[in-house]
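Values in this text are rule-based calculations from the coordinates and carry no lab data. Note that the structure is a prediction, hence the values are computed from the model and not measured. Because the Cβ atoms are built from the backbone with ideal geometry, glycine has one as well, and the counts that use them run over all protein chains shown.
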Amino acid sequence: MTNVSTPSRVIFVTGGNRGIGLATAEAFATHGHKVAVTYRSSPPETTADILAVQCDVSDSDQVDAAFDKVEAELGPVEVLVSNAGITRDTLMLRMSEDDFTEVLDTNLVGGFRVAKRAVKSMMRARWGRIIFTSSIVGSAGQAGQANYAASKAGLLGLARSLAREFASRNITVNVVAPGPIRTDMIDALNDDQQAAITGAVPLGRMGETHEVATTIEFLASDNAGFITGAVIPVDGGMAMGG
């Protein structure tokens, strides 16, 4: 069973300059798709043929401009991977209102902005895939991450509402919920911290970015055409459907 759709699609990955977003973009590009990514400050370092577009998804004008550029250079977006996100971690009693609202504006409202812009061309084509990158923190919660957890939980309600709205146009909307994935953020932790995280994973290891990327590839493929409104954990068993 192949994990990529045929023919080649136009793929747009927000937050694609590193980590899961970049791994996803590179996977699609390797399989012959036309791929664009957004970045806020530093473009991605990659050898893959990927169009990099500067865009802050908390700014509607920048979102529109980014889509205009992608459409002009690659064509209408057929697969959107909404991956851009930020953190402002601290305990709630120390968390400012700006800390809370800025995370929601990027992680959740930003997802709404890019989905609303992408779905226009998908409706005309009567085909589309929207995949939101959430987190198991959205269902399990995490001390010091009330803002992040709320934003990631909100993506589930957003995705399932959009899945119902656009199903008649053959547009599927799904969510991938990674657990602890080996990225720069994880690598920055000390050995004891990494061991504690690994110890909480039933499979006994961290996930790799390519394991999330291949899950996203499948959800974007023709083979996943009967899957919509789903949440797919990629977490080594941590959530166990929670």
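Only the Cβ atoms of Lys and Arg (+1) and of Asp and Glu (-1) were treated as charged; on that basis the dipole of the chain about its Cα centre amounts to roughly 940 debye. Positive end of the charge dipole of the range 1-130 (Lys, Arg +1 and Asp, Glu -1 on Cβ, about the Cα centre): tell me which of Met123, Ile50, Val79 has its Cα farthest that way. Toward the positive end, the furthest listed residue is Met123. Cut-off 18 Å, label point 7 angstrom out along Cα-to-Cβ of Arg124: give me the residues of the range 70-94 whose amide nitrogen falls inside. 70-80, by backbone N distance to the label point. Relative contact order, whole percent, for the chain stands at 21, derived from Cα pairs under 8 Å and 6 or more residues apart.
Normalised by residue number, the volume inside the convex hull of the Cα atoms of the range 1-92 is 118 Å³ per residue.
Treating each Cα of the chain as an identical point scatterer and summing with the Debye formula, the log10 of I(q)/I(0) at q = 0.10, 0.14 Å⁻¹ comes to -0.43, -0.88. Each residue of the range 90-105 is assigned a 3J(HN,Hα), and the resulting list reads 5, 4, 4, 5, 9, 7, 7, 4, 5, 4, 6, 6, 5, 5, 5, 5 Hz, derived from the Karplus form 6.51 cos²θ - 1.76 cosθ + 1.60 (θ = phi - 60°), x at Gly and Pro.
Computed over all pairs of different Cα atoms, the Kirkwood value for the hydrodynamic radius of the range 120-174 is 12.1 Å.
Straight Cα distances below 18 angstrom link Lys34 to the lysines Lys69, with same-chain residues fewer than 8 positions distant left out. For the range 79-177, the convex hull spanned by the alpha carbon atoms encloses 73 Å³ per residue.
Selection among Ile136, Thr183, Ile197 by position relative to the dipole of the chain gives Ile136 as farthest towards the positive end (Cβ unit charges, Cα centre). Bridging of Lys152 to lysines at a Cα separation below 20 Å is possible for Lys116, once same-chain residues fewer than 8 apart are set aside.
The Stokes-Einstein estimate for the range 182-235, based on a Kirkwood radius over Cα pairs and taken at 25 °C with 0.890 mPa s viscosity, is a diffusion coefficient of 188 µm²/s. Between Ala150, Ala163, Ala125, the residue with the greatest mean-square fluctuation in the GNM of the chain (Cα pairs under 10 Å linked by springs) is Ala125.
Taken about its Cα centre, the range 115-192 carries a charge dipole of about 940 debye when Lys and Arg each add +1 at the Cβ and Asp and Glu each add -1 at the Cβ. Each peptide in 86-96, 164-174, 11-21 was scored by the mean count of other Cβ atoms within 10 Å over its residues; highest first, the order is 11-21, 164-174, 86-96.
Distances between placed amide hydrogens fall under 5 Å for Val13 paired with Ala36, Val37, Thr38, Val81, all partners being 5 or more residues away or on another chain.
About its Cα centre, the dipole of the range 44-174 is roughly 820 debye, where the only charges are +1 on Lys and Arg Cβ and -1 on Asp and Glu Cβ.
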